[in-house]
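Trainee: Encoded as structure tokens, here's the structure I'll be asking about.
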Protein chains: 2
Amino acid sequence: MRGAQGDLLRLVAAGHAESRAELARLSGLAASSVSLRVEELIGSGLLVEEGAGTSRGGRRPRRLRLSPGAGLLAVADLGAHHARLGLLDLSGTPLVVEERPCDILEGPEATIDWMAAAFEDLLAAHAPPGVPLRGVGTGVPGPVDPATGRVVAPSRMPGWNNFPVADRLAAHFDLPVLVENDANLMAAGEARAWPKCETLMVLKAGSGIGCGVIVNGALHRGRGAAGDISHVRVRSDSSVTCSCGHDDCLEAYASGAALMSVLGEQGIEVRRPADVVALVENGVPEATALVRNAGRLIGEVLTVLVNFINPDAIVVGGSLSPAEPLIASIRAAVYERCLPLATRDLEISTTRSGPDAALLGAGSLLLDAVLA
Amino acid sequence: MRGAQGDLLRLVAAGHAESRAELARLSGLAASSVSLRVEELIGSGLLVEEGAGTSRGGRRPRRLRLSPGAGLLAVADLGAHHARLGLLDLSGTPLVVEERPCDILEGPEATIDWMAAAFEDLLAAHAPPGVPLRGVGTGVPGPVDPATGRVVAPSRMPGWNNFPVADRLAAHFDLPVLVENDANLMAAGEARAWPKCETLMVLKAGSGIGCGVIVNGALHRGRGAAGDISHVRVRSDSSVTCSCGHDDCLEAYASGAALMSVLGEQGIEVRRPADVVALVENGVPEATALVRNAGRLIGEVLTVLVNFINPDAIVVGGSLSPAEPLIASIRAAVYERCLPLATRDLEISTTRSGPDAALLGAGSLLLDAVLA
DNA sequence: CGGCCTATCTTCGATTTCGAAGGAAGTTGG
DNA sequence: CCAACTTCCTTCGAAATCGAAGATAGGCCG
């Protein structure tokens, strides 16, 4: 899928272009060249022409789509106790998504081999015959060195430090492989749902707190830890030491794990962040107060970042995100304290992509590798 | 200077390429095409061939430079009481730089007309005959809407709110015009001096506190206020109300203006941030303690941003930056509290471009507009 | 219903770009 | 000093790209 040809496919797959005319506008190529190229791509079975689009005042465009037979992507989002796994077509539409229990404490080798087997499962059960697998990707709950695909200094993945996850996956599938932090994948997934936003902050509020940053439409990786907000010192009366060794990290107060531990001390049994959400929805005052406080702390941290980055939107996802008081108090803190220039037109809302955001993000990033 | 031709010129002007071979590598064009294009550019007097470069193991390259006659850029950096003005050639080398007193309180019309007259002065005195002015740019000490070139809600520029600075300048010179926040220009200028750094935070510590952000090699503007760190709430025992209406903003504790006001209360007369630096260098303990505290507060704010953005370097400039304790305490705070992954290989140091950084940055950004 | 307008897509000759081959001008190492 | 190798740059036929003109197909409106 060489360069210029790949550019056209990418534009169609990413949903940016639906017709030859749009391709010409976005790719910068002449309309005639686009027509030629598209004809070739249709000839080789990668694109299909499908009906007509809506008119913009003239002749209706002939709508282009990626052929369902163009290929599949196998993607996963690895959590501490569960993994979501899915198959996508090249335009990122899920064919199937499953959640399976799995334990990353069994170590990287076992977990990745398990993942490879799960992918084979899914392919056997759901892949249409003759459609090739074109790429494999996974999110992991820790920092990933973007250059090497290794996990680096993960606090929630004991035994995984410096493990070459990408290499191990590539040993199973001789294909483009993507390994990325889970919050970053979520951000990449949301980015597709917010096409008008160039700069985006995507917060993952689950048992941990993660954040992914989209700058200028592209995921910002930094050295692999970009987006980390969990170890920021928060203003607090008491003093708690975080697992990172510092005092009063945001994570120690506002993460799902922290909330659960406080609730546990109060004799309220919770096992997953979703249980906290349920308590809030049932009006349990202890849970509501805790969540509201967590939102305020998160919001105060976001305040600094919003002034600095001026995002177009802040998207809140993760298993804690359905709790209304969380996002309400985040909003309150940000709108109250940020510069007017930074908050006018700033949207703060919950995920548009839902629980599959990270899988969709993996698909979106993988596409670039596959069509390079 | 149409597209592809402009790309080649830009690569030479920005100092990225010095030979046809380098141009071919960086532009992605075939070597033969580059040769053709370069021949045309030499023919039209924009490029000149000048001696030979150093061999990389084979034939020596024929060094290319922008012709000194290719054009000039007039650039300024507007401060509260002074303006730096300069003329640059298209590769960003200063022909002349001057500092002149000027008072932005006289309002935008008067100030911009004054600036235009000053540019005419400089051109009459220093421009080689026949070399055309190709672009005009200025930095202003407030937020600028990147789309319109208007100043937006500036706290230190009363009377300038929403004034179309770019339009007024364009009325004097019918040329590409650039108007940008001063800290952003400084960041753009430093970026050229840190070519290996993709992500850069440039702090301007003067009478105010500003910051410019380079992400992926390009200036990040956001909505025009990106990089603002002055109105972040800091941890403090006392309570000070900032001009923005909130309490305990960084600016109210750590800006040059704040330091000067505290020193004044202690009976120590200072008139400019540079006087504070002199006091520190002379070992006046009150000044040293104040500066050290300012560095700590700034450092604690940077902590959050470093974890989030993972810059390759933090560059400190501005009139307060020569004060050693300032940068020392910034370093201490950042290295102590940030994630190891974010601080390994993170460089924190003072400006490489010196006091002309903003002018050089204006040149660098203008070049893109001129060669578009 | 029938012009008129707009937008999409194709055709085809002119132009640009490519890339393989080769010449030019060095360095390196015996 | 000479042969082998690198890198830089140009030459020239082949291939891709462009762009103007035209064909196609719809919307809009009297």
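The values are calculated or read from the model by the stated rules, or taken from the named source; none is laboratory data. All values derive from a computational prediction rather than experimental measurement. Virtual Cβ from ideal backbone geometry, glycine too; neighbours counted across all protein chains shown. Areas reflect the complete protein model, heavy atoms only, side chains present, ligands, DNA and RNA absent. Shrake-Rupley method; radii C 1.70, N 1.55, O 1.52, S 1.80 Å.
Trainee: I need the Debye-formula profile for segment B:3-69: one equal scatterer per C-alpha, no solvent, reported as log10 I(q)/I(0) at q = 0.21, 0.22 1/Å, two decimals.
Mentor: Listed by q, the Debye log ratios stand at -0.81, -0.89.
Trainee: Sticking with this one: A:H246 label points, 7 Å along Cα→Cβ, one per copy: pairwise distances from this copy to the rest in nm, shortest first?
Mentor: Going from nearest to farthest copy, the values are 1.9 nm.
Trainee: Pick from A:S44, A:S33, A:S55: which residue has the top mean-square fluctuation in a GNM of chain A where Cα pairs under 10 Å get a spring?
Mentor: Among A:S44, A:S33, A:S55, the largest mean-square fluctuation in the Gaussian network model of chain A belongs to A:S55.
Trainee: So which residues of segment B:189-236 lose at least 40 Å² of accessible area, probe 1.4 Å, when you go from the chain by itself to every protein chain present?
Mentor: Going by heavy-atom accessible area, the residues of segment B:189-236 that drop by at least 40 Å² are B:V215, B:H220, B:R223, B:A225, B:D228, B:H231, B:V232, B:R233, B:R235.
Trainee: Mind checking how much accessible area B and A bury in total, 1.4 Å probe, in Å² rounded to 100?
Mentor: Rounded to the nearest hundred, the buried surface is 3800 Å².
Trainee: Let me ask another. Would you kindly work out, in nm and rounded to one decimal, the distances from the label point of A:G283 to those of the same position in each other copy, ordered shortest first, with label points 7 Å along Cα-to-Cβ?
Mentor: 7.2
Trainee: Excluding ligands, DNA and RNA, what is the solvent-accessible area per residue of segment B:1-116 at a probe of 1.4 Å, expressed in Å²?
Mentor: 48 Å²
Trainee: Could you quote the convex hull projected area for segment A:195-351, Cα atoms only and averaged over all directions, in nm²?
Mentor: Mean orientational projected area (segment A:195-351, Cα hull): 9.3 nm².
Trainee: Scan chain B and note any complete DSSP helix (H) whose C-alpha atoms cover at least 24 Å along its axis and whose Kyte-Doolittle average is -1.0 or more.
Mentor: B:108-126, B:285-309
Trainee: Additional query: Using a 1.4 Å probe over the heavy atoms of the protein chains, calculate the carbon and sulfur portion of the accessible area of chain B as a whole percent.
Mentor: 50 percent
Trainee: Take chain B, connect every pair of alpha-carbon atoms lying under 10 Å apart with a spring to form a Gaussian network, then pick out the residue of B:V152, B:V334, B:V262 with the largest mean-square fluctuation.
Mentor: Highest fluctuation of the listed residues: B:V262.
Trainee: Also, I was wondering about something else. Want the number for A:D368 to A:T148: 0.36 nm per residue separation, take away the alpha-carbon distance, what's left?
Mentor: 77.5 nm
Trainee: On to the next question. In Å³ and rounded to a whole number, note down the convex hull volume per residue for the Cα atoms of chain B.
Mentor: 158 Å³
Trainee: Using alpha-carbon pairs under 8 Å, 6+ residues apart, how would you state the relative contact order of segment A:162-216 in percent?
Mentor: It comes to 29 percent, rounded to a whole number.
Trainee: Once the label point is set 7 Å along the Cα-to-beta-carbon vector, what list of distances in nm do you get between A:S261 and its counterparts in the other copies?
Mentor: 4.1
Trainee: Please get the size of the charge dipole for segment A:195-351, origin at its Cα centre, with Cβ charges of +1 on Lys and Arg and -1 on Asp and Glu, quoted in debye to the nearest 20.
Mentor: The dipole of segment A:195-351 has a size of about 380 debye.
Trainee: In a GNM of chain A with a 10 Å cut-off on Cα contacts, which of A:G92, A:G15, A:G142 has the highest mean-square fluctuation?
Mentor: Top of the fluctuation ranking is A:G15.
Trainee: Hey, another quick one. Do you know which residues of segment A:283-317 lose at least 30 square angstrom of accessible area in the protein assembly compared with their chain on its own, with a 1.4 angstrom probe?
Mentor: A:V304, A:L305, A:N307, A:F308, A:I309, A:N310
Trainee: Note down the relative contact order for chain B as a percent, whole number, built from C-alpha pairs under 8 angstrom at least six residues apart.
Mentor: For chain B, the relative contact order is 16 percent.
Trainee: What aspartates and glutamates sit close enough to B:K196 to cross-link, taking a C-alpha to C-alpha distance under 14 Å and skipping anything fewer than 8 places away on the same chain?
Mentor: B:D312, B:D345, B:E347
Trainee: Hey, rough spin-label estimate for A:S35 and A:R62, points 7 angstrom out along Cα→Cβ, what's it come to in nanometres?
Mentor: The modelled label-to-label distance comes out at 1.0 nm.
Trainee: Leaving out ligands and nucleic acids, note down the accessible area per residue over segment A:195-351 with a 1.4 angstrom probe, in whole Å².
Mentor: On a per-residue basis, 38 Å².
Trainee: In percent, how large is the relative contact order of segment A:3-69, given Cα pairs closer than 8 Å and 6 or more residues apart?
Mentor: Normalised by residue count, the contact order of segment A:3-69 is 32 percent.
Trainee: Taking the Cα centre of the protein assembly as shown as origin and charging only Cβ (+1 Lys, Arg; -1 Asp, Glu), how large is the dipole, in debye to the nearest 20?
Mentor: It works out to roughly 1740 debye.
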